[in-house]
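The structure appears right after this line, and notes come after that.
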Amino acid sequence: MFVVATFVSLVNCEVSRGSEIDDARKFFRTGDYQACEKLARTQVERGVWNEFWPRTLIETLMVVGKYDEAVTVFEKATERFRDNIRLRLIGVQCYRYTNAESKADQQLEFIDSILVKTQLRFISTKDLVPLGEFFLQRGEDPKEVLRICFDQAIKSDPKSVEAYLATARMALSKSDSKVASQALSKAVLLDESDPEVFYLLSKAWNNSDPEKATDYLKRSLDINENYIPSLLLLAESKMSNEDYTNAEVVLKQIEKVNPKLPKLWALRAAIAHLQGRYEEEGKFRRKGLEPWSLNPEVDYTIGTQLSNHYRFEESVVYQRRALVMDEKFIPAVSQLSQDILRLGNTDEGWKLVDEARTKDPYDVTVFNLKQLQSQLEKFTMIEVPGFVIRMDPREERIYGKDVVNILSEARAVLTKKYEVELEEPIFVEIFPKQKEFAIRTLGLPGGQGLLGVCFGRLITANSPAALTVDYNWKAVLWHEYCHVVTLQKTKNKMPRWLSEGISVHEERLKNKTWGQSMDPVFREMILGDDFVPISQLSGAFLRPSSPMQLQFAYFESSLAVDFWVETYGMPALLRLLEDLAVGMPTEEALKRAPGTLELLDKDFREYARSKAQAYAPKVDFTRPKQPQTLLDNTEPVSSNSESYWNLREKCALLIRGKKWDEALVEAEKLKSIFPEDASADGVYALLATIYRSRGDLALEREACVALVERTSDARDTLSRLIELDEKQEDWESLERWCELLHEIQPLSSDLQSMRAKVAEKLNKPQTALDALVACLELNPTDRSDVHFRLATAFNSLGEKAKSKRHVLMALEESPRYVEALELFAALVENEASNPESISSETDRSEPPKIEDGSSQSKPPEEQSK
């Protein structure tokens, strides 16, 4: 009986202990750290022989900032669990956060001695994960750590959530979101109660799918509202949004959990810097370094936040400080290299990329940058006053001259208007592949919605070859150069909405079809729930719910600039930029003209609503309550409303039903009430479709012209106009359409061929020559014809050597080309009578010198010489 009773007692005891362990885990995961600490402390004081209890107590004490107590518990625990690798690793952090760096190093040395003593023969499977984490701290090969430790742990126990999380943490530390998300997809199936799983998922998806990342972050905080990593991520998101008030609310919540957390004070220091509170910034930084004075993460975090707000020079200072504390801290090396590259210092930047690559060959961001460097070395470099432009060699020969001209014009206009002397040259890099643009801009693939980005002295842009969407590349460069002007004038100390708003504002002043303008959708959004006050406008750019929301953010920001200039004047706008430049907090600078932010928001709302209501005031913009349908191929079913949306939808339905006469009636009605419609699929696009189907080419052309006069990226419409006007031999109109289409897609062989033909008809040999050089780069079907036409153009310009070279190339392709033979004979006769006319010229077939006197672009091999 006694044996049985003892056995039953032992079983009950084990069940009880198992239940207590489950309770402790639940307390820890749900953020009830006080209950977790109390339970774990009780078990430790009772002397329960299970390393889980001292480990849990130490981890809980570290979370709440009781670092000294954690050290005491750790030292007592190691007396009983001397060779426990997991415990020793926690001890490293305990000692570091009590400024005992030498003791932290001793823990790593002790683990090493354990491995030497046992030669890994007695390492259990439960120690594989902490062993892998130790190897990573020691700088071992991550692939080998994954293979030997984490993968082996999963093989031994396929349900090991700990191993999947360790894999994800390692992958994210190397910027490898793909491997991290794969590991986490398995972890979440095994355990949906761990806030870390969803926190890591949020980080893994942050770049590629912000909406999904936000959802995962919310799920993490639903499990544990006090989970510090997720709260820090939320605070950083608020900071990116320039919502410093709510970021501080989150930081206060963190402070209640752990008032000593270094990263908490680092983020506060970054906010203070961004708001111009530099004395507080220093105070917060010192507070962050109190637990561990050589903690590189503090300065790295401050610098990274400044870099996120385009304060690259300040970030460089902080990253260098972090590396003084720990020269092997790879995140700081990587961030420093990117910041320096964004400042235009490519020599030092690429050296740092090499250094980071040597120290950590597995960091994805560094690997991508290194790959990009080899591509950039192949680019052609154009050096002109104020600029160093790098382009793909082929694209440079097609439209490089036009890039120089638009940027030079922007420089002349905008620097004078904004009264600024720039730090030059400005570096401009135009990428033929979107992935290369993203890596140069973001460090990682992504950024599919971006056309160009400006960092102050560096502009990166997609070329027309990089994207499948139609856009006006000249407008993009004008927009980005305006950023150069405003960012440098304010020393990068301006809110995003103001920078974007001024750029779009200047686009419209340059060309009324550029930038975002009021339209029925934007009107509806202003009068509805989508309107955002000026004080919150920067947040509209962070994570828009749709592409349309992002476009609206650009438009509303430009409307805010219109409001500012119309209400307070251009001098007030310049004064605002100057106030920001000297470090005045944004809120204070914005209040100077109106008096209060509340009044500014109120007045802007009234201004925006008045603009929206004044836009086509006689038009009914009521949306149809139900979609219209076409019954029995007869008439559309609708509410008989004469609203813009009803008429447009009815017209589109009739077009789909090929009811051209009825569709024309509705389209003409739509035009009569709203002739200002500039929508790509609005009234003029509908009219062009109807007239073309009816065979009325004159009216079709009229509708097409109306459309291209209202938009800057109507590629298909311009192509149609070229087709129509070529038949009529309307060369002046064709010249206009070709130049407009050249601003959208210069890499079209058909376009360049037509440009050359039109220029020849109008006796403009320089334009013809530019277009024909472009044709050669675009693999024309009849190369001999292109070479002959080039020879003719060069001959007209008096460049006999180049003319002779191209006529010979035409004859090489087609030896019996009669016109080419005649031109060749004429050139030979001219050479015989005037030999110096040939020998005095440079015999090369490169594009002619740019008309504004700037230097000719150099091929890569000549640059190196």
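The values are calculated or read from the model by the stated rules, or taken from the named source; none is laboratory data. Keep in mind that this is a model prediction, so the values were computed, not measured. With ideal geometry, Cβ positions are generated from the backbone for all residues, glycine too; neighbour counts draw on all protein chains shown. All accessible areas refer to the heavy atoms of the entire protein, side chains included, with ligands and DNA or RNA removed. Shrake-Rupley method; radii C 1.70, N 1.55, O 1.52, S 1.80 Å.
When region 805-825 is examined, which residues are found to be part of a helix (DSSP H, G or I) and open to solvent by 50 Å² or more (accessible area, probe 1.4 Å)?
Taking region 805-825 first, the residues part of a helix (DSSP H, G or I) are 805-813, 818-825.
Result: R805, L808, M809, E812, E813, V818, E819, L821, E822, F824, A825.
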Residue within region 597-620 that is under 21 Å from Y418 (Cα atoms), touching a residue at least 24 places away in the same chain (Cβ under 8 Å), more than 28 Å from the chain's Cα centre (by Cα) and surrounded by 14 or more Cβ atoms within 10 Å (Cβ to Cβ) present: no
Some residue of region 262-269 being modelled with pLDDT of 95 or more and over 25 Å from Y33 (Cα atoms): yes
Residue list for region 83-124, restricted to those being modelled with pLDDT under 90 and open to solvent by 90 Å² or more (accessible area, probe 1.4 Å): V116, K117, Q119, R121, F122
Test set (1) buried (at least 19 other Cβ atoms within 10 Å of the Cβ); (2) without any contact (Cβ under 8 Å) to a residue 40 or more places away in the chain - D127 fails condition number: (2)
Flag if M381 is surrounded by fewer than 21 Cβ atoms within 10 Å (Cβ to Cβ), in contact with a Pro (Cβ under 9 Å, 6 or more places away or on another chain) and of a type in the set (A, V, I, L, M, F, W, C): yes
Number of the exception - E556 against (1) acidic (D, E); (2) under 24 Å from L509 (Cβ atoms); (3) surrounded by fewer than 16 Cβ atoms within 10 Å (Cβ to Cβ): (3)
Complete set of residues in region 321-345 that are surrounded by fewer than 24 Cβ atoms within 10 Å (Cβ to Cβ) and basic (K, R): R321, K328
Hey, T767 modelled with pLDDT of 90 or more, hydroxyl-bearing (S, T, Y) and within 23 Å of E723 (Cα to Cα) or not: yes
Tally of residues being open to solvent by less than 40 Å² (accessible area, probe 1.4 Å) and in a loop (DSSP other than H, G, I, E, B) across region 394-424: 3
Residues of region 234-272 that turn out to be of a type outside the set (G, A, S), part of a helix (DSSP H, G or I), closer than 18 Å to W497 by Cβ and open to solvent by 30 Å² or more (accessible area, probe 1.4 Å), as a count: 4
Of all residues making up region 44-95, the number that are farther than 24 Å from K117 by Cα and in contact (Cβ under 8 Å) with a residue 40 or more places away in the chain: 4
Count of region 241-300 residues which are among the aromatic types (F, W, Y), closer than 25 Å to G539 by Cα and in contact with a Pro (Cβ under 9 Å, 6 or more places away or on another chain): 1
Residue count for region 178-218, restricted to those that are without any contact (Cβ under 8 Å) to a residue 40 or more places away in the chain, in contact with a helix residue (DSSP H, G or I) (Cβ under 9 Å, 6 or more places away or on another chain) and part of a helix (DSSP H, G or I): 28
Region 692-711 residues that are buried (at least 19 other Cβ atoms within 10 Å of the Cβ), paired with ones that are outside any loop (DSSP other than H, G, I, E, B) and polar (S, T, N, Q) (beta carbon under 8 Å, 6 or more apart): C704/T717; L707/T717; V708/T717
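When residues of region 458-488 are filtered for being among the charged types (D, E, K, R) and crowded, with 21+ Cβ neighbours inside 10 Å, how many remain?
Looking only at region 458-488, we keep the residues that are among the charged types (D, E, K, R), and these are 470, 474, 480.
Applying the additional criterion that residues be crowded, with 21+ Cβ neighbours inside 10 Å yields 474, 480.
Summing the residues that are among the charged types (D, E, K, R) and crowded, with 21+ Cβ neighbours inside 10 Å in region 458-488 gives 2.
Residues to consider are L458, L451, L477; find the one that is aliphatic (A, V, I, L, M) and without any contact (Cβ under 8 Å) to a residue 60 or more places away in the chain.
On the way: L458 fails: without any contact (Cβ under 8 Å) to a residue 60 or more places away in the chain; L477 fails: without any contact (Cβ under 8 Å) to a residue 60 or more places away in the chain.
Exactly one residue qualifies, and that residue is L451.
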Sole residue being touching a Phe, Trp or Tyr at 6+ places or on another chain (Cβ under 7 Å) and assigned to a helix (DSSP H, G or I), chosen from I340, I302: I302
Residues (aromatic (F, W, Y) and in contact with a Phe, Trp or Tyr (Cβ under 9 Å, 6 or more places away or on another chain)) located in region 212-251: Y216, Y227
Conditions (1) in contact (Cβ under 8 Å) with a residue 24 or more places away in the chain; (2) assigned to a helix (DSSP H, G or I); (3) open to solvent by 20 Å² or more (accessible area, probe 1.4 Å); number of the one not met by C651: (3)
Residue within region 45-57 that is at pLDDT 95 or above, in a helix (DSSP H, G or I), under 27 Å from L221 (Cα atoms) and open to solvent by 70 Å² or more (accessible area, probe 1.4 Å) present: no
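Taking the condition of being open to solvent by 10 Å² or more (accessible area, probe 1.4 Å) and polar (S, T, N, Q), how many residues in region 273-300 meet it? Walk me through how you get there before you give the answer.
Going residue by residue through region 273-300, those that are open to solvent by 10 Å² or more (accessible area, probe 1.4 Å) are 273-287, 289-294, 297, 300.
Next, only the ones that are polar (S, T, N, Q) stay: 275, 293.
Here the count works out to 2.
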Residue match in region 289-305 (condition: of a type in the set (D, E), more than 17 Å from F329 (Cβ to Cβ) and without any contact (Cβ under 8 Å) to a residue 40 or more places away in the chain): yes
Test: residue in region 440-458 that is β-branched (V, I, T) and within 18 Å of the chain's Cα centre (by Cα): yes
